[in-house]
1. Tally up the residues in region 33-65 that are at pLDDT below 95 and closer than 23 Å to residue 196 by Cα, please.
2. Test residue 14 against the criterion of being under 17 Å from the mean Cα position of the chain (by Cα), farther than 23 Å from residue 174 by Cβ and either touching a residue at least 12 places away in the same chain (Cβ under 8 Å) or surrounded by 15 or more Cβ atoms within 10 Å (Cβ to Cβ) (or both), and give yes or no.
3. With the condition kept exactly as written, say whether any residue in region 192-212 is modelled with pLDDT of 90 or more and within 18 Å of residue 17 (Cα to Cα).
4. Pairs under 8 Å by beta carbon, first residue at positive phi and modelled with pLDDT under 95 in region 76-95, partner crowded, with 18+ Cβ neighbours inside 10 Å and assigned to a loop (DSSP other than H, G, I, E, B), six or more apart or different chains?
5. Residues of region 44-68 being surrounded by 15 or more Cβ atoms within 10 Å (Cβ to Cβ), out of contact with any strand residue (DSSP E or B) (no Cβ under 6 Å at 6 or more places or on another chain) and either touching a residue at least 24 places away in the same chain (Cβ under 8 Å) or more than 15 Å from residue 84 (Cα to Cα) (or both), which ones?
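The values are calculated or read from the model by the stated rules, or taken from the named source; none is laboratory data. Everything quoted here is computed from the prediction, not taken from an experiment. As a convention, Cβ positions derive from the backbone with ideal geometry for all residues, glycine included, and neighbour counts pool all protein chains shown.
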């Protein structure tokens, strides 16, 4: 497959991944988990853009995916293009904009310990106390402190990338499982339509995603098996999703499998 063709054929995978995060963040009350990281908070915030062809919907709200406007856009065949996301883990929060088709991050804001130490007084509190306004004085950092801050940001960025790598692997494992079409897609359709369903049904499907020991031995090197520690890269699994969708051996594209009646 030529590089350009490969990129084009992969675009829908990122949109499905963003929809997967949106779906799970709502049904699990903004508490997700991976085998490597345990439970953590994740939710959509501020902006959500959905599109299909020339039609697009942009929603700006504290929780943009929670209202009916977003679900109605899904029912019209639109898929998420980008969204603001916040992650809360280990007593710190990170916010960013996820560009679905490229799986790119924009506006990544990391809550570093060193930067917190450098923050000046709370300006709103100072005004309420009647203290005169003024520019907050920030102590000049020594070279060693700047280096420490740089390395801390690099470490936090690496941890953040590791978390999303785990979430993406979980999505790919579920997407390549036969249960995606038979069980997951119908549950997502109910969610889009605002209908209730038994959460235990989905939880039973998700548990294997954090422990793929059930994958048969004869499929341990098959990208479509979705194993997490079998040496198959996420890049190969992404191609397996494209191949599985393109040749009809299941599952179908999300707009058919989830949104169609």
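1. Matching residues across region 33-65 total 1.
2. no
3. yes
4. If the second residue must be crowded, with 18+ Cβ neighbours inside 10 Å and assigned to a loop (DSSP other than H, G, I, E, B), the pairs left are 77/259.
5. Listed by number, the residues that qualify are 52, 66.
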